[in-house]
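Written out below as structure tokens is the structure these notes cover.
The values are calculated or read from the model by the stated rules, or taken from the named source; none is laboratory data. Just so you know, these numbers come straight off a predicted model, no measurement behind them. Reconstructed Cβ throughout: ideal geometry from the backbone, glycine too, with neighbour counts over all protein chains shown. All accessible areas refer to the heavy atoms of the entire protein, side chains included, with ligands and DNA or RNA removed. Shrake-Rupley method; radii C 1.70, N 1.55, O 1.52, S 1.80 Å.
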Amino acid sequence: MVKLPEVLSRSHASTKPQALGILLVLVGVELRLRTGNDAGTLALIIFFQLLTGPVASHLVARSAYRVGGIHADLLFDDLDEQLSEEPAMPTGHPRPDPGREDAAPKDGPEDGPPPAPDR
């Protein structure tokens with residue numbers, strides 16, 4: 001048995017034959033049954049299998065990319081610069097400074113009881 005070296009190759013090798021295999025099996029079942037109700041059901045099954053297989057494969061590859069499970073020599077990443085930039089804050093809102101005392105909200109139980117209301 002051949003073990004493919006990384007996630008993208010394994011994902012490609014498992015998705016493409018799965019889509020073709022399920023298509024051929026369901027077409028064979030439809031030829032055997034030959035009723036309109038069964039053909040409609042099998043057409044829906046084929047549609048959803050062809051729709052969800054590539055989406056699931058894409059999500060697996062995307063999560064592997066995000067955790068660094070892809071060999072760098074196999075990857076040419078056009079979006080690396082855009083994804084690694086820090087998101088821009090809206091104008092008029094300063095960036096939070098974790099070193100400041102007032103940076104964290106002071107409504108937790110460790111900050112003591114809330115102030116008494118003015119009467």
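General remarks:
- For the range 37-54, the criterion of a residue being under 16 Å from S11 (Cα atoms), open to solvent by less than 50 Å² (accessible area, probe 1.4 Å), in a helix (DSSP H, G or I) and out of contact with any strand residue (DSSP E or B) (no Cβ under 6 Å at 6 or more places or on another chain) is satisfied by at least one position.
- Residues located in the range 5-22, provided they are among the aliphatic types (A, V, I, L, M), without any contact (Cβ under 8 Å) to a residue 60 or more places away in the chain and open to solvent by less than 60 Å² (accessible area, probe 1.4 Å): A13, A19, I22
- Those residues of the range 46-71 which are of a type in the set (G, A, S) and more than 12 Å from V7 (Cβ to Cβ), in sequence order: G53, A56
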